[in-house]
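Notes follow once the structure below has been shown.
The values are calculated or read from the model by the stated rules, or taken from the named source; none is laboratory data. Note that the coordinates shown come from a computational prediction; the quantities given were computed from them, not determined experimentally. Here Cβ is always computed from backbone atoms with ideal geometry, including for glycine, and neighbour counts include all displayed protein chains.
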Amino acid sequence: MYDVHSKHAEDFINHEEILETLAYADENKHNAALIDTLIEKAKKRKGLSHREASVLLACDLKEKNEEIFRLAEQIKKDFYGNRIVMFAPLYLSNYCINGCTYCPYHAKNKHIARKQLTQEEIRREVIALQDMGHKRLALEAGEDPIRNTMDYYLDSINTIYSIKHKNGAIRRVNINIAATTVDNYRLLKEAGIGTYILFQETYHKESYLKLHPTGPKHDYAYHTEAMDRAMEGGIDDVGIGVLFGLDKYRYEFAGLLMHAEHLEAAFGVGPHTISVPRLRDADDIDSSSFKNGIDDDTFAKLVACIRIAVPYTGMIISTRESQKTRERVLHLGISQISGGSRTSVGGYCEPEPDTEKSEQFDVVDTRTLDEVVCWLMEMGYIPSFCTACYREGRTGDRFMSLCKSGQIQNCCHPNALMTLKEYLMDYASPKTKAIGDALIEKEVFNVPNEKARSVVLENLRLIEQDNRR
Ligand code: SAM
C-alpha cells in the first residue's frame with residue numbers, strides 16, 4: 001500500500017504502486033488529451049505527482065515531447081534564472097566494508113590503493129580547492145565504521161571551515177556519507193553541514209539487495225529511511241539521487257518522486273537537491289556489464305521530467321558527464337555542477353600515477369574550474385559561488401517557500417553577480433575575466449528592483465577596488 005506518510009520505506013516507496021504507475025504510464029503514453037492536461041497542470045509550476053510525471057516520461061509523441069522540453073526550460077529559467085551554482089567533491093577516504101557490485105571501493109577490491117586523508121592532508125587539499133576558487137564542497141567517503149568514524153567527519157568539517165587562506169574560505173560543506181543514526185545526523189547539523197546527500201542507488205528492492213550483497217548498506221530499509229532520520233536530527237537540506245544504469249530508469253524515476261513526495265508530506269519540505277549520476281567505468285568496474293544504461297536522449301528527457309515534476313528542487317550534475325552532455329541538460333533543469341573535480345583521495349594536491357588508482361569513477365569532464373566557468377559564461381550562464389542562503393539560515397522549508405514564491409530571484413541574482421566578480425578578481429585567467437566582466441555589466445541590469453540594483457553596482461565597484469564588505 002502506498003502511504004506517503006508512513007515511516008516504513010516499503011510503504012512510501014511501494015513496489016506495487018510503482019508497477020501500477022508504470023502500467024498506467026504505458027497505457028497513456030499516446031493519450032494526447034491526458035498529456036495536454038498534464039502539461040497544462042505542470043505550467044502552474046506546482047509540480048506533478050509520480051503517476052502524472054511518469055506519463056510524461058513515457059510519452060513518445062514527438063510534438064508533446066517538444067512541449068515537455070520547452071516547459072522544462074521555461075521552469076528552469078523562472079525558478080533559477082541563468083545561474084549555475086559551482087561546487088567540488090572532496091574525497092576523504094575510500095576505505096569501505098560494503099560489497100556494492102558497481103563501486104570500486106567494494107571491500108573485495110584488494111588492489112585499489114586505500115587512503116584516508118589526515119587533517120593536515122585535508123588542509124592541503126582544501127587550500128588547493130580554494131586556490132581554484134571553490135567555496136562549496138561535497139565531502140565523500142566509503143563506509144568504514146572503524147576508520148571513517150563520526151568523530152573523523154566532525155574533525156574534518158571543523159578543519160575545513162577553519163581554513164582561511166588568501167581570499168579563500170569554504171562557506172558550505174555538504175556531505176555524502178553512509179546512512180547513519182539520528183544522533184549522528186544531529187552532530188553533523190551542529191557541525192554546520194549544508195546538505196546531507198545520500199543516493200538511493202536503486203529504489204528496486206530486489207535489485208538493491210543483489211547490488212549490495214554484503215555490509216551495512218545491504219539493509220534496504222535502513223538506507224531508504226536515512227533521510228527521515230536526517231530530518232529528525234534537524235538537517236533540513238537533504239539531497240537524494242539514483243545511480244542510473246543499475247535498474248530500469250522509469251522505475252527509478254517513479255521511486256525518486258515518491259521519495260520526494262514522502263519527505264514533503266512527512267516533514268513539510270521536499271529534498272533540497274536531486275542528483276542524476278550515471279554509472280561509469282572505474283578501477284575494476286566495467287559499466288557495460290550493467291544492462292540498464294540509458295542513452296543521452298533518454299537522459300535529457302529524464303532531466304526535463306524531473307524539472308517539471310519538482311520545480312523547486314535543485315538538480316545536480318557531476319563530472320561523470322561529458323561537456324557535451326552537460327551542455328545539453330543544463331538548460332533543461334540543472335542548477336548545480338561540479339568543476340575541476342578529482343575523484344581520488346588526495347587528488348587535488350597530487351594527481352595519481354597510473355599505477356595507483358584510488359578514484360571512485362573515471363571523470364569524463366576533465367576541464368579545470370576556470371575552463372568550466374568560462375564555458376558557462378560563453379553560453380550566457382552566471383556561475384555562482386554564492387552560499388548566502390546558507391549563511392543567513394534560509395535553508396529547508398524557508399528556502400522552499402522563497403523558491404516556490406519566486407522571491408529567490410531577487411536575492412540570488414545579485415549575490416551570484418557579486419560572488420562571480422570576486423572569483424574573477426581572485427582566480428580567473430585573463431580570458432575568463434574579460435568574458436565575466438562583460439557578462440556582469442550586462443546582467444546587473446536584470447536585477448529587478450532599482451534600489452537593489454544600485455546596491456549591487458556599488459558593491460561591484462568596491463570589489464573591483466579590492467574593498468570587500
Ligand atoms: N559511502 C556513501 C554511501 O554509502 O552512499 C557514499 C558513496 S560514494 C562516495 C558516492 C556515490 O558514488 C555513490 O552513492 C554511488 O552512487 C556513486 N558511485 C559509486 N560507484 C560508481 C560508479 N562506478 N560510477 C558512477 N558513480 C558511482
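In the range 94-112, of all residues being under 16 Å from ILE146 (Cα atoms) and in contact with a helix residue (DSSP H, G or I) (Cβ under 8 Å, 6 or more places away or on another chain), the one that is nearest to the ligand (Cβ to nearest atom) corresponds to ASN98. Take the range 263-319 and flag every residue that is in a loop (DSSP other than H, G, I, E, B), without any contact (Cβ under 8 Å) to a residue 60 or more places away in the chain and surrounded by 22 or more Cβ atoms within 10 Å (Cβ to Cβ). Selection gives PRO271, VAL276, THR313, THR319. If only residues of the range 177-207 that are more than 16 Å from the ligand (Cβ to nearest atom) and not in a loop (DSSP other than H, G, I, E, B) are counted, the one that is nearest to GLY239 (Cα to Cα) is LYS189. Annotation: GLY255 fulfils all but one of (1) within 18 Å of LYS76 (Cβ to Cβ); (2) within 16 Å of the ligand (Cβ to nearest atom); (3) crowded, with 24+ Cβ neighbours inside 10 Å; the unmet one is (1). Within the range 235-262, the set of residues being in a strand (DSSP E or B) and under 14 Å from TYR196 (Cα atoms) comprises VAL238, GLY239, ILE240, GLY241. Count of the range 237-252 residues, restricted to those that are of a type in the set (D, E, K, R) and surrounded by 21 or more Cβ atoms within 10 Å (Cβ to Cβ), is 3. Among the conditions (1) out of contact with any Phe, Trp or Tyr (no Cβ under 7 Å at 6 or more places or on another chain); (2) aliphatic (A, V, I, L, M); (3) more than 23 Å from VAL310 (Cα to Cα), the only one that ILE170 does not satisfy is (1). Scanning the range 138-167 for residues that are crowded, with 17+ Cβ neighbours inside 10 Å and small (Gly, Ala, Ser), we see that the one that is farthest from PHE199 (Cα to Cα) is SER156. Does at least one position in the range 360-370 carry a residue that is surrounded by 14 or more Cβ atoms within 10 Å (Cβ to Cβ), at pLDDT 90 or above and not in a loop (DSSP other than H, G, I, E, B)? Among the residues of the range 360-370, at least one is surrounded by 14 or more Cβ atoms within 10 Å (Cβ to Cβ), at pLDDT 90 or above and not in a loop (DSSP other than H, G, I, E, B), which makes the answer yes.
Of the set (1) under 20 Å from the mean Cα position of the chain (by Cα); (2) farther than 28 Å from VAL373 by Cβ, all apply to TYR152 but (1).
In the range 351-374, the residues that are under 23 Å from LYS115 (Cβ atoms) and away from the ligand (no atom under 16 Å from the Cβ) form Cβ pairs under 9 Å with partners that are at pLDDT below 80 and assigned to a loop (DSSP other than H, G, I, E, B), at six or more places apart or across chains, as follows: GLU352/SER358; GLU352/GLU359. For the range 10-55, the candidate set comprises residues that are polar (S, T, N, Q), part of a helix (DSSP H, G or I) and farther than 22 Å from GLN74 by Cβ; within that set, the residue that is farthest from the chain's Cα centre (by Cα) is ASN28.
If you check LYS115, LYS64 for being away from the ligand (no atom under 16 Å from the Cβ) and of a type in the set (Lys, Arg), only one passes: LYS64. Pairs linking a residue in the range 180-191 that is closer than 20 Å to GLY215 by Cβ to a residue that is surrounded by fewer than 18 Cβ atoms within 10 Å (Cβ to Cβ), with Cβ atoms under 6 Å and 6 or more positions apart or on different chains, are ASN184/MET150.
Among the residues making up the range 21-57, those that are over 18 Å from ARG307 (Cα atoms) and without any contact (Cβ under 8 Å) to a residue 12 or more places away in the chain are ALA23, GLU27, ALA33.
LYS217 meets the conditions (1) part of a helix (DSSP H, G or I); (2) under 28 Å from GLU125 (Cβ atoms); (3) away from the ligand (no atom under 14 Å from the Cβ) in every case but one. The failed one is (3). Yes or no: the range 84-94 includes at least one residue that is touching a Ser or Thr at 6+ places or on another chain (Cβ under 6 Å), of a type in the set (S, T, N, Q) and under 30 Å from HIS218 (Cα atoms). Yes, because at least one residue in the range 84-94 is touching a Ser or Thr at 6+ places or on another chain (Cβ under 6 Å), of a type in the set (S, T, N, Q) and under 30 Å from HIS218 (Cα atoms).
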